[in-house]
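The values are calculated or read from the model by the stated rules, or taken from the named source; none is laboratory data. These numbers come from a predicted model, not from an experiment. As a convention, Cβ positions derive from the backbone with ideal geometry for all residues, glycine included, and neighbour counts pool all protein chains shown. Just so you know, the surface numbers come from the protein's heavy atoms only, side chains and all, with ligands and any DNA or RNA stripped out. Shrake-Rupley method; radii C 1.70, N 1.55, O 1.52, S 1.80 Å.
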Amino acid sequence: MFKIQDGSQLAFFNPLTSKILKLPEVPSLDSYCFSAPPTSGDCMVVGFTLFGHVLIHFVSRESIWHLISLNLVGDDPYSFQFPTFNGRDVYTLCNNNKGLNVFRDMAEVDFSWEVVVDEAPSSRCRSLTQYFLSSCDQHLLLVILGKFGESVEVFKLKESREEWEQTNSLGKHMIYISDASCICLDAKLPEMENKIYFPRLLDNEDTQIVFYSLETTCTYHTFNDKNILESFGADFLGTKHHYCNLPAIWYCLRFNCYMMLLIIIIKKM
């Protein structure tokens, strides 16, 4: 899902069929997520603005957005970043990605909004950090990334205690991170398990995708076909980030074991 034209409209894009499903026009959204594939009758899109509005669209129903005001106190922007569905609830990072909030039963008129964790866990990184939220096998994961990739920490939410607990293993899962999204999926091959993939390429002629391994003493690698190349470092030095008008989008071919980094560039009309 991505923005088209001047950002007032969202659309789903199927790379296999080139089919585009445009959604009704919507006010500028700071972040958004969806609950299921757009062909599903349960597909719901939830978006957040910077000024305390939630917009909800049911893709298979009427062609409108439902606008809900959160009645925030004050005029300062209040950001909701990396929203992710966990069942019918939407979890999101708030207040510069430090706190964790949940919107329970978003499909219902009387949904609730709660603060789950006030602050993110302490990080060992001494540089600026970025925070990424994802849902994995009914659990929530928080990835804290150092500005230069020198630190990658993964935490799992212990909801019974309402606190983050650091973990050193994703099991048979893998995480894909871009500027605007963070997704956790089942690995298609054992070689892809327990790794975090970034929209960065090794700065050489082969332009190989960079990933971070949690099982090889936490270092960066690349793939050569199915084989894992030797570690090339402990940070992003020697890699390059692809910049474009839109954030990078990860797309997984269900019948293929490899990941494709799609950079979709749409000219403004």
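Here L70 qualifies as more than 22 Å from S134 (Cβ to Cβ), hydrophobic (A, V, I, L, M, F, W, C), open to solvent by less than 30 Å² (accessible area, probe 1.4 Å) and in contact with a Gly (Cβ under 6 Å, 6 or more places away or on another chain). Take segment 156-196 and flag every residue that is touching a residue at least 12 places away in the same chain (Cβ under 8 Å), in a strand (DSSP E or B) and over 17 Å from the mean Cα position of the chain (by Cα). Answer for segment 156-196, where residues must be touching a residue at least 12 places away in the same chain (Cβ under 8 Å), in a strand (DSSP E or B) and over 17 Å from the mean Cα position of the chain (by Cα): E163, W164, Q166, T167. Can you confirm whether C33 is within 23 Å of L133 (Cβ to Cβ) and in contact (Cβ under 8 Å) with a residue 40 or more places away in the chain? Answer is yes for this residue.
The set of residues in segment 46-65 being of a type outside the set (F, W, Y), open to solvent by 10 Å² or more (accessible area, probe 1.4 Å) and in a strand (DSSP E or B) consists of H53 alone. Which one is surrounded by the most Cβ atoms within 10 Å (Cβ to Cβ), of the residues in segment 152-200 that are in contact with a Pro (Cβ under 8 Å, 6 or more places away or on another chain) and of a type in the set (A, V, I, L, M)? Filtering first and then ranking leaves I177. The lone criterion from (1) out of contact with any strand residue (DSSP E or B) (no Cβ under 6 Å at 6 or more places or on another chain); (2) more than 28 Å from E114 (Cβ to Cβ); (3) at pLDDT below 90 left unmet by P24 is number (3).
For V90, the stated conditions do not hold, so it cannot be described as assigned to a loop (DSSP other than H, G, I, E, B), modelled with pLDDT of 85 or more and in contact with a Phe, Trp or Tyr (Cβ under 7 Å, 6 or more places away or on another chain). Scanning segment 217-241 for residues that are closer than 21 Å to T167 by Cβ and modelled with pLDDT of 75 or more, which turns out surrounded by the fewest Cβ atoms within 10 Å (Cβ to Cβ)? Here the residue is T219. Here segment 93-105 is the region considered, the condition is being part of a loop (DSSP other than H, G, I, E, B) and open to solvent by 50 Å² or more (accessible area, probe 1.4 Å), and the residue that is farthest from L128 (Cα to Cα) is D105. Scanning segment 19-40 for residues that are open to solvent by less than 80 Å² (accessible area, probe 1.4 Å) and either at positive phi or among the small types (G, A, S) (or both) gives S31, S35, A36, S40. As a summary of the residue check, G149 satisfies the conditions (1) touching a strand residue (DSSP E or B) at 6+ places or on another chain (Cβ under 9 Å); (2) open to solvent by 10 Å² or more (accessible area, probe 1.4 Å) except for the one numbered (2). Does P190 satisfy being out of contact with any strand residue (DSSP E or B) (no Cβ under 7 Å at 6 or more places or on another chain) and modelled with pLDDT under 70? No: the conditions fail for P190.
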